[in-house]
Ligand code: KIV
Ligand code: ZN
């Protein structure tokens, strides 16, 4: 047995006996801050170039993000130039604040202040690492050493802000990097000292960003840390509590949600969770999770496919087919019982007129994120009877009667088995057309006339026509009945078609190009006692039914000859 697990130290729990967050719910959107262009970008094999960064920046603005960390301008010339281009090129709307990251080190802070000249709104985000492990193995210093670095940085930032020329609105953000690996009382202490050094007030609050730099604990523990921090911070109202979760245990979204319940007011994350290692928290998922709970995320995700396209092109990353809300397969139901339930949900919504989204297996209306109904259901040999009928109705407007679903589903499954794969909606339509509309016709009407006549207040329908049988000479037909189907059956008597019995029919209108036509579905009983369906389409409702009858007969005769 592998005993490797013994080398890991379990995460220390937080002493928070009266924790309140488990009873809270998320009722409003946080302040969102995108770190795509910094944390996301620095984690790419090929970081974005200027053009890509600008395009990405505009995409973030377009979805409504108001605080955007644009990079690390003191880290390299490229980063510096991108910052200058954003400012000088007039890319930043007045209601958007750019955020610049810098380590709490003098020369880097000075360079950062040069980079932001001329901007309207800026958050200067400085950080240093505070965790027990980093102090022990990286910095080889005690907590006071780490506090001194942060406080010195804060003092310099305050001084440079006071001397700053122009009317730039500068705000501050401090991150005790690796917050979640820091003793909570130390995290509180360093932040309080930074607040004192910056002179933070209720009117000019500092953003205290509490990163889960490496996700090492369950989301409830991170929530405990946030609640603990908030409860113990002096001068709480002079701070905006921000979180910055990463996703090392795959719980970034959950950690964010619980931390919001614990009182976090601001969230730093990226689109689709790009970022160091397993990524930052995915703002799209957190936002849409809120949306599906009836809470406005205050971000516009109505065209996720476009966002995905920009994201994949600029970052060269790929979105997993199972990624919530945007993955290729997330609105696809393969299982027959799921397909049936989705189908029933659509029917229920139509019939009940409910104002709510009430469809099993679909937590969100795909249309709300710019996705289409088309790929919701894929047809394969495992699909249920309702799935294929659902696609035929939704995609092509053929509303087959329920009794016909098993017959059509069998045809679909046979095709799936033949091809050894699922069918796409277009192929499904072809199965329908090949089996109902374009079949070889043993009995072919070459001429027809359907008309009504009344006598002594009673009306009758006449069917008159000519029929070619197996390509031979035409025979004349005439029948009178109480409806078109009855009249047609009577007309078929001389050619010995009484062996087929009429069972049922249904009809609806369908648009074909500019004109509307009627589709009739006819169910007949065959001589062997089994039922078969036929489909007729015509601009004349009565004739559509007659064609349906003929189609069912022709299909039955084809079966006999098979
Ligand atoms: O993950 C992290 O801790 C960071 C900080 C720089 C905020 O990205
Ligand atoms: Zn980070």
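Just so it is clear, none of the values below were taken in a lab; they were calculated from the coordinates. Since the model is a prediction, treat every value here as computed from it, not as a measurement. For neighbour counting, all protein chains shown are included, and Cβ atoms are generated from backbone atoms with ideal geometry for every residue, glycine included.
Couple of notes before you dig in:
- Residue 318 versus residue 296: modelled label distance in nm, points set 7 Å from Cα along the beta carbon direction: 3.9 nm
- Size descriptor for region 2-64, Kirkwood hydrodynamic radius: 16.7 Å (Cα pairs only, one decimal).
- Here the spin labels are modelled as points 7 Å beyond Cα on the Cα-Cβ line, and at residue 76 and residue 18 they lie 5.1 nm apart.
- Note on residue 329 and residue 414: with the Förster distance fixed at 35 Å, the Cβ-Cβ geometry gives a FRET efficiency of about 0.90.
- Nearest-ten-degree value, helix 336-352 long axis tilted from longest Cα axis of the chain: 90 degrees
- Cα-based shape type of region 71-110, given that a ≥ b ≥ c are square roots of the gyration tensor eigenvalues and the cut on a/c is 1.5: oblate
- Label reach from residue 511 (point 7 Å along Cα→C-beta): in region 382-407, amide nitrogens under 15 Å belong to 394-398.
- Across the chain, the mean sequence separation of Cα contacts (distance under 8 Å, 6 or more residues apart), normalised by length, yields a relative contact order of 9 percent.
- Region 181-275: mean projected area of Cα convex hull, nm²: 5.9 nm²
- Between the helical axis of 219-232 and the longest alpha-carbon principal axis of the chain there is an angle of about 40 degrees.
- Size of region 261-373: Rg and Dmax of its alpha carbons, in Å, are 15.8, 48.
- Percent antiparallel among DSSP beta bridges (both partners in the chain, rounded to 5): 50 percent
- Helix-derived mean residue ellipticity, 222 nm - over the chain, DSSP H n ≥ 4, -39500 (n - 2.57), to 500: -11000 deg cm²/dmol
- Ranked by the mean number of other Cβ atoms within 10 Å of their residues, highest first, the peptides 170-176, 241-247 fall in the order 241-247, 170-176.
- The spacing between region 10-67 and region 538-562, judged by their C-alpha centroids, is 61 Å.
- Against the chain, whose longest principal axis comes from its Cα atoms, helix 50-62 is set at around 70 degrees.
- Descending Cα extents along the principal axes, the chain, whole Å: 106, 60, 45
- Mean-position separation - Cα centroids, region 97-144 and region 149-215, in angstrom: 9 Å
- Each residue, residue 501 and residue 473, gets one label point 7 Å from its Cα in the Cβ direction; the gap between the two is 3.5 nm.
- Ascending count of other beta-carbon atoms within 10 Å, so fewest first, for 117, 308, 350: 350, 117, 308
- Using the Cβ-Cβ distance between residue 45 and residue 111 with R0 set to 35 Å, the FRET efficiency works out to roughly 0.85.
- Gyration tensor (alpha-carbon) shape descriptor, region 419-541, a/c threshold 1.5: prolate
- Region 104-119 residues near the modelled residue 204 label - backbone nitrogen below 11 Å, point 7 Å along Cα→Cβ: none
- As a calculated quantity, the FRET efficiency between residue 6 and residue 433 at R0 = 60 Å, using C-beta atoms, amounts to about 0.40.
- q = 0.15 Å⁻¹: log10 I(q)/I(0) that the Debye formula gives for region 235-284, counting C-alpha atoms only: -0.38
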